[in-house]
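One structure is given below, encoded as structure tokens.
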Amino acid sequence: MKRKQIYTGLWASLLLLAPAVTSATSAHATDIQTGQQSVATSQLSASQSTSSQVASNQLVETSRQSQGVASRSQVTEVPAKTAQTTNEQPAKSAAKAVLNRDYQGALKRGAQQLVASQDTEVWSALALISSGAQLTTVQKATFHQVFAEELTGMAGHYSATDLERLTIGIAAIGEDPTQFNGVNLIAEIIKKAATAGITGQVYGIIALSTQDYGSQANQTINQLIVLVLKQQNTAGGWAFFGSVSDLDITGMTMSALGMHRDQPKVQSALDRAVALLKTTGFVKTTGGFLIPGGFSTEENSNSTAMAILGLAAAGVNPATTFVGDKGATPITNLIAYQKADGQFRWMMGSDDGALSMSTEQAVYALGQYDYLLKGKGSIYNFKKVVPEPDPKPKPDPKPAPAPKPSIPGKKPAGESSASSSSEVDLDKQLPKQPINEADEVPLTGTTATQDALPQTGHQSVWGSVLAGLFILLGVASYQTRRLKQR
């Protein structure tokens, strides 16, 4: 009978502890399962990222190796599947070259070449800025000195185009053309631009649009736009002289008008110019542009770059609007002129000519294309965006009084028992400690992820289980003593 009572007490205690044991076991199993899922997800994500990066690197490397190797007649596009199996069938794919569409890589290499060659022309400054490069203090000082010396060398005999070109360079390096080296270039441009030729008028629009130079400058811009629109020929282009459209002048003019598409008749003029490039200028077999004239009777990078510049400034994507044989576009055509050192040739397959000029024009033409894709407007626009002030500033709210900490088990006077708003959250009041990068837990990796698994939740439950076991032993001991006393 005594043993039966002892066993009864023990079983009763075990039944009371059973839910706690089950809860602890379930919580621990859930934590392990969650941790394993997290590890698997992290490993899968890392594997996918690595595979994607390897595939991307292989395509870029294939594109780079093909650059400058094939002539225009050999350029063909290889589908994505063929590009992926290039390593498996090198003999068959060697006869074909992938069209290089990596304009950002070409842009970067071209900019690096300009820096390496220490090119200090105005157009080099424009090319570097439009490529996204950040000029160092030394580079800006060098450009400043070169521009100042050139201005001093004019000895007061300024031509409109010289003033406009310098204004573009000065604005590009972040300085003020209205007070540069003791000269107000903007005032001089206003005096001379209207009576200059087509280039002086086109670059007058651009130079006076680089910043906000006041009402007189804006009036001159409007006047120059009217003069330039009148010189558009019946074919839809512009010429340096004569009536035959010139690619370079047409592209330059489109880049100027593209900054003022809201002006009357500007958009219709740009539409006519785009139609000219489509019907007359675009060479489908190569993806480039050519309108034979007095300057050139062969395709060259300068003319193609100016056409790309004008199209992109006018809001027209040359890579999608002009698609030739086997997917060739003006962008792939221009990139094909680039040498391994980053320079751009003037003529395909030849190192003759002013390659520094070709490189400058190709870089800022690709820069304008990049601006178009990113919705950044014109590469000639150096206006700083100033945030508009709040028209009705709101007064600073009065600081709320700091809440008084509550004492556990005691309610402040006048507070109901259901309210807990006066309790202080110390985690919110204490300043957050800076995170040491060395202490952060990696998001991938089996060991690190397992170490980072949650270690709370089931610990408190196991504490309850242990406490219950102590109670059980106490009950059994008490029952034993009572039975012995009987």
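The values are calculated or read from the model by the stated rules, or taken from the named source; none is laboratory data. Note that the structure is a prediction, hence the values are computed from the model and not measured. Don't worry about glycine lacking a Cβ; one is built from the backbone with ideal geometry, like all the others, and counts go over all protein chains shown. Remember, those area values only see protein heavy atoms, side chains included, never the ligands or the DNA or RNA. Shrake-Rupley method; radii C 1.70, N 1.55, O 1.52, S 1.80 Å.
Structure summary
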read-out	value
Single residue of the range 340-368 satisfying the filter (in contact with an Asp or Glu (Cβ under 8 Å, 6 or more places away or on another chain), open to solvent by less than 50 Å² (accessible area, probe 1.4 Å) and not in a helix (DSSP H, G or I)) that is farthest from Thr285 (Cα to Cα)	Arg345
Residue within the range 135-146 that is touching a strand residue (DSSP E or B) at 6+ places or on another chain (Cβ under 9 Å) and in a helix (DSSP H, G or I) present	yes
Among the candidates Asp248, Asp271, residue that is open to solvent by less than 70 Å² (accessible area, probe 1.4 Å) and either aromatic (Phe, Trp, Tyr) or at pLDDT 95 or above (or both)	Asp248
Given (1) touching a Gly at 6+ places or on another chain (Cβ under 8 Å); (2) at pLDDT 95 or above; (3) surrounded by fewer than 24 Cβ atoms within 10 Å (Cβ to Cβ), index of the condition Asp212 fails	(1)
Subset tally (residues that are open to solvent by 50 Å² or more (accessible area, probe 1.4 Å), of a type in the set (Gly, Ala, Ser) and closer than 21 Å to Asn381 by Cβ) for the range 125-178	2
Members of the range 82-115 that are open to solvent by 50 Å² or more (accessible area, probe 1.4 Å), under 28 Å from the mean Cα position of the chain (by Cα) and modelled with pLDDT under 95	Gln84, Arg101
Any hit, the range 236-243, residues being surrounded by fewer than 24 Cβ atoms within 10 Å (Cβ to Cβ), over 19 Å from Gln368 (Cβ atoms) and among the polar types (S, T, N, Q)	yes
Members of the range 307-331 that are surrounded by fewer than 24 Cβ atoms within 10 Å (Cβ to Cβ) and in a helix (DSSP H, G or I)	Ala319, Thr320, Thr321, Asp325, Lys326, Gly327
Total residues in the range 148-191, condition out of contact with any Gly (no Cβ under 7 Å at 6 or more places or on another chain), under 29 Å from Lys230 (Cβ atoms) and among the charged types (D, E, K, R)	4
